Amino acid sequence: VQLQASGGGLVQTGDSLRLSCVASGQTFRIYVMGWFRQAPGKEREFVAAIKWSDGSADYVESVKGRFTISTDNAKNSVYLQMDSVKPEDTAVYFCAATRMRLRWTRLIDYDWWGRGTQVTVSS
C-alpha cells in the first residue's frame, strides 16, 4: 500500500485547511486510516483515525470539535478537515493505514505511512 498526502500550507489562526491522502496498491488490506502529526522537537502524535468499513472515527482530545476525518472509499481517499486552526496545530501531518482491528492510536499500530505535508498556522 502506498499513501500520498497533500493539502498542507500556511494559514492564519482561525482559518480552515483540508488535507487529503490517497491510497494505492493493495488497498483491500486497509481497515483503518489515520492522521498523525509531528511538531518541531516533539514526538509524532495521533490526531484522528477512521474505519473504512463504517466511517466510525476517533480523535485526540485537542482537536475534537475542530477537525473532522472522512473517507471517500470510491477514491481510496481519506481527508482531514481542519477548522479553527491554532498555532499549536503547526506540524508535519502524516497519513497512515493499518490492518489492525483493535487499536489505532499508536504509531506501532500502523503498517503503512505516507510522506508528510507541512501545516503552518501563524498567529
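The values are calculated or read from the model by the stated rules, or taken from the named source; none is laboratory data. The structure presented is a predicted model; accordingly, all values stated were derived computationally and were not measured. Cβ atoms come from the backbone with ideal geometry, glycine included; neighbour counts cover every protein chain shown. Surface areas here come from the heavy atoms of the whole protein model, side chains and all, with no ligands, DNA or RNA. Shrake-Rupley method; radii C 1.70, N 1.55, O 1.52, S 1.80 Å.
Close amide H pairs (under 5 Å, H built 1.01 Å from N) link T90 with V121, residues at least 5 positions away or on another chain. In this structure segment 7-51 gives 49 Å² per residue of accessible area when probed at 1.4 Å with all protein chains present.
Given a 1.4 Å probe and every protein chain left where it sits, what share in percent of the accessible area of segment 1-90 is carbon and sulfur? Of all accessible area on segment 1-90, carbon and sulfur atoms account for 45 percent. Computed about its Cα centre, the charge dipole of the chain is approximately 300 debye, with only Lys, Arg, Asp and Glu carrying charge at their Cβ. In a reduced charge model with +1 at each Lys and Arg Cβ and -1 at each Asp and Glu Cβ, segment 19-89 shows a dipole moment near 160 debye about its Cα centre. Counting lysine pairs in the chain whose alpha carbons fall under 26 angstrom apart, excluding pairs fewer than 8 residues apart on the same chain, gives 6. Across segment 110-115, rounded Karplus estimates of 3J(HN,Hα) from the backbone phi angles (6.51 cos²θ - 1.76 cosθ + 1.60, θ = phi - 60°) give 9, 8, 10, 9, x, 6 Hz, Gly and Pro being marked x. The residue among F46, A23, L10 whose Cα reaches farthest toward the positive pole of the charge dipole of the chain, with charges on the beta-carbon of Lys, Arg, Asp and Glu, is A23. Under 5 Å between amide hydrogens, built in the peptide plane, is the criterion, and for W112 it picks out A97 among residues at least 5 positions away or on other chains.
Once the gyration tensor of the Cα atoms in segment 37-121 is diagonalised, the equivalent ellipsoid follows with semi-axes of 20, 15, 12 Å, ordered largest first. Taking trypsin sites (Lys or Arg not before Pro) as exposed when their DSSP state is a loop state and no more than 14 other Cβ atoms lie within 10 Å, the longest site-free interval of the chain runs over 1-41. V121 sits among other residues whose Cβ lies under 9 Å from its own Cβ, and their net charge, with Lys and Arg +1 and Asp and Glu -1, is -2. Expressed as a whole number of Å, what is the distance separating the alpha-carbon centroids of segment 70-123 and segment 17-51? Here the answer is 3 Å between Cα centres.
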